[in-house]
Amino acid sequence: MVVGTTDEGGGSVSRAQLRDLVGIAQFQDMLAPTTRTGERPNRNYADKLASSKGFPDPVVIHPAPPANPQIRLWLRREVEVWLDRYRPGWRDS
């Protein structure tokens with residue numbers, strides 16, 4: 001597992017942050033209110049957004065690069081900031 005650095009300069013993930021990580025499935029749920037139908041988008045779409053420029057870097061990647069990561073986790077607050085900027089209305093549910 002690779003633990004990324006945070007903008008707080010820690011270099012590791014605290015226990016409090018571990019409780020507030022989101023994976024791709026949670027990100028799909030967060031995106032649901034922004035779709036035309038209000039339904040959860042498919043995993044490929046969510047993964048494409050999570051891999052796009054400007055999306056927060058994951059703080060946990062497993063297995064470590066250069067392997068294709070099977071698990072990526074992000075800090076919820078960083079994903080929420082991204083959603084506020086690029087997907088307004090996502091909090092409306």
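Does residue 92 fit the bill of being open to solvent by 40 Å² or more (accessible area, probe 1.4 Å), charged (D, E, K, R) and closer than 27 Å to residue 14 by Cα? Don't jump to the end; show me each part of the working.
Working: open to solvent by 40 Å² or more (accessible area, probe 1.4 Å): yes; charged (D, E, K, R): yes; closer than 27 Å to residue 14 by Cα: no.
Here the answer is no, as residue 92 does not meet what is asked.
Starting from the stretch 65-83, keep only residues that are under 25 Å from residue 34 (Cβ atoms) and of a type in the set (Lys, Arg), then list their pairs with residues that are assigned to a strand (DSSP E or B) and modelled with pLDDT under 95 whose Cβ atoms are within a distance under 9 Å, requiring at least 6 positions of separation or different chains.
72/60; 72/61; 72/62
Within the stretch 25-64, restricting attention to residues that are in contact with a Lys or Arg (Cβ under 6 Å, 6 or more places away or on another chain) and aliphatic (A, V, I, L, M), which residue is modelled with the highest pLDDT?
Residue satisfying both the conditions and the ranking: 61.
Give 28, 70 a once-over and let me know the one that is among the polar types (S, T, N, Q) and surrounded by 13 or more Cβ atoms within 10 Å (Cβ to Cβ). Steps first, answer last, please.
Working: 70 fails: surrounded by 13 or more Cβ atoms within 10 Å (Cβ to Cβ).
Checking each option against the conditions leaves just 28.
Check residue 76 against each of (1) within 11 Å of the chain's Cα centre (by Cα); (2) within 28 Å of residue 12 (Cβ to Cβ); (3) open to solvent by less than 60 Å² (accessible area, probe 1.4 Å) and name the one condition it does not meet.
Every listed condition holds for residue 76 apart from (3).
Scan 46, 50 and give me the residue that is open to solvent by less than 30 Å² (accessible area, probe 1.4 Å) and farther than 18 Å from residue 20 by Cα.
46
The values are calculated or read from the model by the stated rules, or taken from the named source; none is laboratory data. Bear in mind the structure is a predicted one, so any value in this text is a computation, not a measurement. In this analysis, Cβ positions are derived from the backbone assuming ideal geometry, glycine residues included, and neighbour counts consider all displayed protein chains. Calculation scope for accessible area: heavy atoms of the full protein, side chains included, ligands and nucleic acids excluded. Shrake-Rupley method; radii C 1.70, N 1.55, O 1.52, S 1.80 Å.
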